[in-house]
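**Q** After the structure tokens below, expect a handful of questions from me.
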Amino acid sequence: MFLSNKTISRYIHEGKIIVQGDLHIETKGITVNLGDELLIPKEGQLFDTKNPKKLEYDKYNLRKKPYILKPDDFVLGCTQQSIRTDRDIITMVDGRSTYARAGMTIHLTALVLDGVPFNSEISVLEIKNLGKFDIVLHPGEKIGTYLFAKLSEPIVGDKVSRYTNQWSVTPPKI
């Protein structure tokens, strides 16, 4: 069952959902704002999980200048907000339809944020321009929505992740 704005507000008041950063509750979730930094993959690298090598990126500071995402470009970004929930609530990221209609996606896979019930952390966004337009990315811009769903019972046990407690844009860890 997805949570409504009324339930989300109550859960925030009760401490079942904890949000650090700007908080704007929408009808079905919480606004996701783009953080201040991007990682831009350097070209010509090989991603191979069987023969891992550290991937190289250029850091880009959006506070200095907005970034123009060209058609077919891919960058890593992050949210301004960090989220933590009780273990009976899962969190998902949904892109903004205005960007989708221009051809941009913000989260390519892994709809459910696995680490959120276990840690307070920001979300890394896989931003891809699938369209034909140049798209300008500004820091703090509304880029999506966090959605919450109630599980039938709380999660038992802990989650071990390479991305536990991420507080900045984090590249893939192999």
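**Q** Pairs needed: first member in the range 4-21, within 15 Å of V32 (Cα to Cα) and touching a residue at least 12 places away in the same chain (Cβ under 8 Å); second member anywhere, in a strand (DSSP E or B) and basic (K, R); C-beta distance under 8 Å; at least 6 residues apart or different chains.
**A** From residues that are within 15 Å of V32 (Cα to Cα) and touching a residue at least 12 places away in the same chain (Cβ under 8 Å), the pairs are I17/R84; I18/R84.
**Q** Mind checking which residues of the range 57-89 are of a type outside the set (S, T, N, Q), over 17 Å from E43 (Cβ atoms) and within 14 Å of the chain's Cα centre (by Cα)?
**A** Scanning the range 57-89 gives G77, C78, I83, R84.
**Q** Restricting attention to the range 54-74, does a residue exist that is assigned to a strand (DSSP E or B), among the β-branched types (V, I, T) and within 21 Å of M104 (Cβ to Cβ)?
**A** Within the range 54-74, one or more residues are assigned to a strand (DSSP E or B), among the β-branched types (V, I, T) and within 21 Å of M104 (Cβ to Cβ).
**Q** Is it true that T85 is touching a Leu at 6+ places or on another chain (Cβ under 8 Å), polar (S, T, N, Q) and within 18 Å of M1 (Cα to Cα)?
**A** The answer is no for T85.
**Q** Only residues that are modelled with pLDDT of 80 or more, surrounded by 16 or more Cβ atoms within 10 Å (Cβ to Cβ) and either β-branched (V, I, T) or touching a helix residue (DSSP H, G or I) at 6+ places or on another chain (Cβ under 9 Å) (or both): list them for the range 105-134, please.
**A** Within the range 105-134, T105, I106, I122, V124, I127, N129, G131 meet the criteria.
**Q** Same structure again: Answer yes or no as to whether I90 is out of contact with any Asp or Glu (no Cβ under 8 Å at 6 or more places or on another chain), within 23 Å of W167 (Cα to Cα) and assigned to a helix (DSSP H, G or I).
**A** Answer is no for this residue.
**Q** I'm trying to understand the selection: among the residues of the range 35-53, which are assigned to a loop (DSSP other than H, G, I, E, B) and either within 19 Å of the chain's Cα centre (by Cα) or surrounded by 19 or more Cβ atoms within 10 Å (Cβ to Cβ) (or both)?
**A** G35, D36, listed by residue number.
The values are calculated or read from the model by the stated rules, or taken from the named source; none is laboratory data. These figures come from a predicted structure and were not determined experimentally. Here the Cβ is made from the backbone with ideal geometry for all residues, glycine too, and neighbour counts use every protein chain on show.
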